[in-house]
């Protein structure tokens, strides 16, 4: 039996939309999922969905941003709780594997970048803002692990660039150098100290 509007009183519609969209994007892919599909799965009108998200790109941005925010915050908490004796190589390897191996989210991320570059200047600004937040979170995690022994701002930029490239390579099936070699090289490059 369809749920009435009264069944949803007090429930965050935006959260419900994000959860339903995430599920459909994972099951069907973002290209094959329309806003109408999402509205239908929630048993709400398209008008209600459009009130919250007027474009699929905006919805995909929020799905991806929420995931990245949860992921980076989780990794940050993990980094802060680590034994200070754990080698930095192991820490960075976990970070890279965790983010790069999230293929479905990676595909959404690449779709968003494509949309931002080709169609949506406002989306491009949102992505730039998200990248600044993610870099800040990475820097905070690096500060917790390395203190002032390296330029953590520079390393946060390098890592985010490598992660984006790694996601693209993983999705399209381009062979990457072994992760351990990349991390070893990154940690042994003479970068200016903080």
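A few points about this structure:
- For segment 127-194: rounded, prolate or oblate by the Cα gyration tensor [a/c cutoff 1.5]: oblate
- Percentage of interatomic Cα-Cα distances in segment 84-180 larger than 18 Å: 52 percent
- Between the beta carbons of residue 51 and residue 28, assuming R0 = 22 Å, the FRET efficiency works out to 0.45 to the nearest 0.05.
- Both numbers refer to the Cα atoms of the chain; Rg and Dmax are 19.2, 64 Å.
- Fewest-first ordering of 94, 137 by other beta carbons within 10 Å of each residue's beta carbon gives 94, 137.
- Helix content alone sets the calculated 222 nm mean residue ellipticity of the chain: runs of n ≥ 4 DSSP H residues at -39500 (n - 2.57) each, divided across all residues, give -24000 deg cm²/dmol.
- Relative to the longest principal axis of the Cα atoms of the chain, helix 103-118 runs at roughly 80 degrees.
- FRET efficiency, 1/(1 + (r/R0)^6) with R0 35 Å, evaluated for residue 168 and residue 43 via beta carbons: 0.45
- On Cα atoms only, tilt of 152-172 relative to the major axis of the chain in degrees: 60 degrees
- The C-alpha atoms of the chain define a longest principal axis, and helix 179-188 lies at about 50 degrees to it.
Where a number appears in this text, it was derived from the coordinates with a stated rule and is not lab data. The structure displayed is predicted, hence computed values, not measured ones. FYI the Cβ positions are ideal-geometry reconstructions off the backbone, even for glycines, and counts take in every protein chain you see.
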